[in-house]
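Comments concern the structure below.
The values are calculated or read from the model by the stated rules, or taken from the named source; none is laboratory data. Only a predicted model underlies this, so the values are computations on that prediction, with no experimental measurement involved. Heads up, the Cβs are rebuilt from the backbone with ideal geometry, glycines too, and the neighbour counts pull from every protein chain shown.
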Amino acid sequence: MKMTPKIGLSEIHLKNSADLLSILLADEMTLYVKTRKFHWNVRGNSFMELHKLFEANYREYEIIIDEIAERINKLGHKTIGTMKEFLSLARLKEKENNYPNQKEMLGELLDNNEQLIIEIRKMIDTCSNENHDAGTADLLTKILQQHETIAWVVRRYLD
């Protein structure tokens, strides 16, 4: 028997927030895997510095991913967990057989973080104004700030 959380949100609002979070979870997993790939394959003069930067970023994504997955459960819904499910929902895209140079890696990571920032802003508005879900909006605001910081740092490498 499924117990619907009695937390002041309707079942439809719980589902709507969980659905938005599932899409974000898929994007975060895509970015996590991409950042890991870049961590493993970075080469060149700034190898060690970027190797460590990418590691710090994917470790931060691990925490974000776990917080999103747990929030979906708190809303009374199951969390997706297969690569097929992630790829079917993700807005961010992978590039197969692509091993970019350092500058291209940084550019792609910056672009992906900025895409997420834009999407998360929309999600915050939806969760606040349509779903009346302050808890999810608060989590999303925290995640937004994390991506803004990562984007700022990566942007500095490209200036």
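At-a-glance table
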{"read-out": "Single residue of region 89-117 satisfying the filter (more than 20 Å from the chain's Cα centre (by Cα) and not charged (D, E, K, R)) that is farthest from Thr141 (Cα to Cα)", "value": "Asn97"}
{"read-out": "Within region 128-159, considering residues that are part of a helix (DSSP H, G or I) and of a type in the set (S, T, N, Q), the one nearest to the chain's Cα centre (by Cα)", "value": "Gln146"}
{"read-out": "Which numbered condition Asn45 fails, given (1) outside any helix (DSSP H, G or I); (2) crowded, with 17+ Cβ neighbours inside 10 Å", "value": "(2)"}
{"read-out": "Any pair with Cβ under 6 angstrom, 6 or more apart, that starts in region 76-90 at a residue that is more than 23 Å from Pro5 (Cβ to Cβ) and in a helix (DSSP H, G or I) and ends at one that is modelled with pLDDT of 95 or more and among the hydroxyl-bearing types (Ser, Thr, Tyr)", "value": "none"}
{"read-out": "Scan of region 45-96 for residues that are at pLDDT 95 or above, farther than 27 Å from Glu11 by Cα and among the acidic types (Asp, Glu), ordered by number", "value": "Glu49, Glu55, Glu60, Glu62"}
{"read-out": "Criterion (surrounded by fewer than 17 Cβ atoms within 10 Å (Cβ to Cβ) and within 23 Å of Met3 (Cβ to Cβ)) met by exactly one of Asp111, Asp133, Asp66", "value": "Asp66"}
{"read-out": "Search result, residues across region 1-42 that are free of Cβ contacts under 8 Å to residues at least 40 places away in the same chain and of a type in the set (Lys, Arg)", "value": "Lys6, Arg36, Lys37"}
